[in-house]
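Notes follow once the structure below has been shown.
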Amino acid sequence: MTTEFIAVPDTGTVADAVEALRQFEGSAEAVATIYLTGAAMVLSGAVPLARIAVSPADTPLASIRETPTTCAPDTPEREVAELFDKYNLITLAVADEHGRLAGIITADDVISMLRNG
């Protein structure tokens with residue numbers, strides 16, 4: 001799991017997400033999905049980068065969000081790999097017991113895990 005991800009308030013717009021992308025210094029894999037959070041970093045949605053790229057700057061992110069696939073921080077590696085396979089994921093949000101976004105797992109993480117496992 002990495003804590004390098006992009007999260008913007010669920011009240012934001014596409015312009016806010018683009019600005020967060022510009023300021024992000026993490027890995028390229030981590031930008032595939034922009035996560036939306038409410039109060040106390042509670043995960044409320046996810047927006048694929050491709051959807052942001054084709055949407056007008058003033059589009060509310062809440063109007064183009066998807067329900068994110070998540071796992072708990074202690075999810076076994078095998079289950080994480082199954083989620084990636086089942087939903088064809090590039091990133092997987094890791095949320096704690098209160099629904100707060102704790103980090104993400106990237107497809108590269110899963111590939112490394114499978115090679116070393």
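What is the calculated FRET efficiency for GLU66 to GLU19, with r their C-beta to C-beta distance and R₀ = 22 Å, to the nearest 0.05?
0.60
Probe of 1.4 angstrom, ligands and nucleic acids ignored: what's the accessible area per residue over the stretch 1-81, in square angstrom?
56 Å²
In the set (i) 13.4, 40; (ii) 13.9, 45; (iii) 15.5, 52, which value of Rg and Dmax of the Cα atoms in Å was calculated from the structure you see?
Identified label for the calculated read-out: (ii).
Can you send over the carbon and sulfur percentage of the accessible area for the stretch 1-84, probe radius 1.4 Å, protein chains only? Intermediate results must be reported in sequence, preceding the final value.
On the way: 2440 of 4640 Å².
C and S atoms contribute 53 percent here.
For the chain, with the dipole built from +1 on Lys and Arg beta-carbon atoms and -1 on Asp and Glu ones, taken about the Cα centre, which of ALA39, PRO9, ALA81 lies farthest toward the positive end?
The residue sitting most towards the positive pole is PRO9.
For the stretch 43-83, what log10 I(q)/I(0) values come out of the Debye formula at q = 0.23, 0.27 1/Å, with one point per alpha carbon and no solvent?
Computed log10 I(q)/I(0) values: -0.77, -0.90.
How large is ³J(HN,Hα) for each residue in the stretch 21-27, as worked out from phi by the Karplus curve 6.51 cos²θ - 1.76 cosθ + 1.60 (θ = phi - 60°), to whole Hz, x for Gly and Pro?
Here the 3J(HN,Hα) series is 4, 4, 8, 6, 10, x, 6 Hz.
The values are calculated or read from the model by the stated rules, or taken from the named source; none is laboratory data. Being a predicted model, the structure only gives us computed values, none of them experimental. We place every Cβ from the backbone using ideal geometry, glycine too, and count neighbours over all the protein chains shown. Side chains included, ligands, DNA and RNA excluded: accessible areas come from the protein's heavy atoms. Shrake-Rupley method; radii C 1.70, N 1.55, O 1.52, S 1.80 Å.
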